[in-house]
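Notes follow once the structure below has been shown.
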Amino acid sequence: MPIGDTDCRTLRPMTAGDVPAVMAVENVSYTHPWTEGILRDCIRVGYSCWVCIDDGVVMGYFVMSVAVGEAHILNVCVNPKFRRQGLARAMIRFMFRLAGERGADTMFLEVRPSNMAAVTLYEDLGFNEVGRRKNYYPAARGHEDALIFARAV
Ligand SMILES: CC(C)(COP(=O)(O)OP(=O)(O)OC[C@H]1O[C@@H](n2cnc3c(N)ncnc32)[C@H](O)[C@@H]1OP(=O)(O)O)[C@@H](O)C(=O)NCCC(=O)NCCS
């Protein structure tokens, strides 16, 4: 389905067949990427896993869980070739729609304080910092905290 005024031609649920192409984007996007097994488990347990594809190329994807009134963004990622074109913003707006339809009233996510692009994106979309998990993420040297962000759906 089209998701607004971005270059994204098609946003559709991710299938097991998309996993290799999604993992290629994951691996160039994170210092500590998810494994293929984590991604496959997210699809298997029924999380909202969506991929934005244009002409067979993965432009971006997201994974979100929704349960007991809470939505959690577990992963949102844009292929480096398609960044700064509004795709992440469009996908997150779409997530709000999806979460609302499934009865969530709050959306949460965790982010590394060093991830300037993501922190700016979330603040721009109206998320507020509501907490911090000490030493949550593995980092090049030791560990890094996670900021917890939330916004009403
Ligand atoms: C963070 C990420 C998802 C942003 O994707 P994107 O499609 O480039 O973001 P958008 O084009 O929708 O940007 C929306 C806004 O976010 C902010 N933003 C995005 N990238 C930014 C950057 N590199 N530096 C500063 N601000 C940035 C800006 O406010 C931007 O609005 P503007 O372009 O009008 O200034 C992308 O950089 C990415 O995939 N990073 C690697 C994976 C990751 O860190 N995911 C988040 C994990 S918590």
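The values are calculated or read from the model by the stated rules, or taken from the named source; none is laboratory data. None of the values given here were measured: they were computed from a predicted structure. Glycine gets a Cβ as well: all are built from the backbone with ideal geometry, and neighbour counts include every protein chain shown.
Tally the residues that are within 14 Å of residue 107 (Cβ to Cβ), more than 14 Å from the ligand (Cβ to nearest atom) and crowded, with 23+ Cβ neighbours inside 10 Å, restricting the search to the range 48-94.
1
Being in contact with a helix residue (DSSP H, G or I) (Cβ under 9 Å, 6 or more places away or on another chain) and modelled with pLDDT of 95 or more narrows it down to one residue among 95, 64, 1, 91; which is it?
Answer to the check: 64.
Any residue at all in the range 2-18 that's more than 9 Å from the ligand (Cβ to nearest atom) and under 30 Å from residue 135 (Cα atoms)?
no
With respect to residue 106, determine if the residue is away from the ligand (no atom under 12 Å from the Cβ) and polar (S, T, N, Q).
So residue 106 passes the test.
Restricting to the range 103-153, what's the tally of residues that are in contact with an Asp or Glu (Cβ under 6 Å, 6 or more places away or on another chain) and basic (Lys, Arg)?
Number satisfying all stated conditions: 3.
Please work out which residue is surrounded by the most Cβ atoms within 10 Å (Cβ to Cβ), limiting yourself to the range 128-144 and to residues that are charged (D, E, K, R) and not in a loop (DSSP other than H, G, I, E, B).
If we take residues in the range 128-144 being charged (D, E, K, R) and not in a loop (DSSP other than H, G, I, E, B), then 144 is surrounded by the most Cβ atoms within 10 Å (Cβ to Cβ).
Which residue, of 58, 45, 78, 22, is at pLDDT 95 or above, touching a Phe, Trp or Tyr at 6+ places or on another chain (Cβ under 8 Å) and either within 24 Å of residue 145 (Cα to Cα) or not small (Gly, Ala, Ser) (or both)?
Going through 58, 45, 78, 22 in turn, just one is at pLDDT 95 or above, touching a Phe, Trp or Tyr at 6+ places or on another chain (Cβ under 8 Å) and either within 24 Å of residue 145 (Cα to Cα) or not small (Gly, Ala, Ser) (or both): 22.
Restricting to the range 70-89, name every residue that is within 25 Å of residue 131 (Cα to Cα) and not polar (S, T, N, Q).
70, 71, 72, 73, 74, 76, 77, 88, 89
Does the range 113-127 contain any residue that is assigned to a strand (DSSP E or B) and polar (S, T, N, Q)?
no
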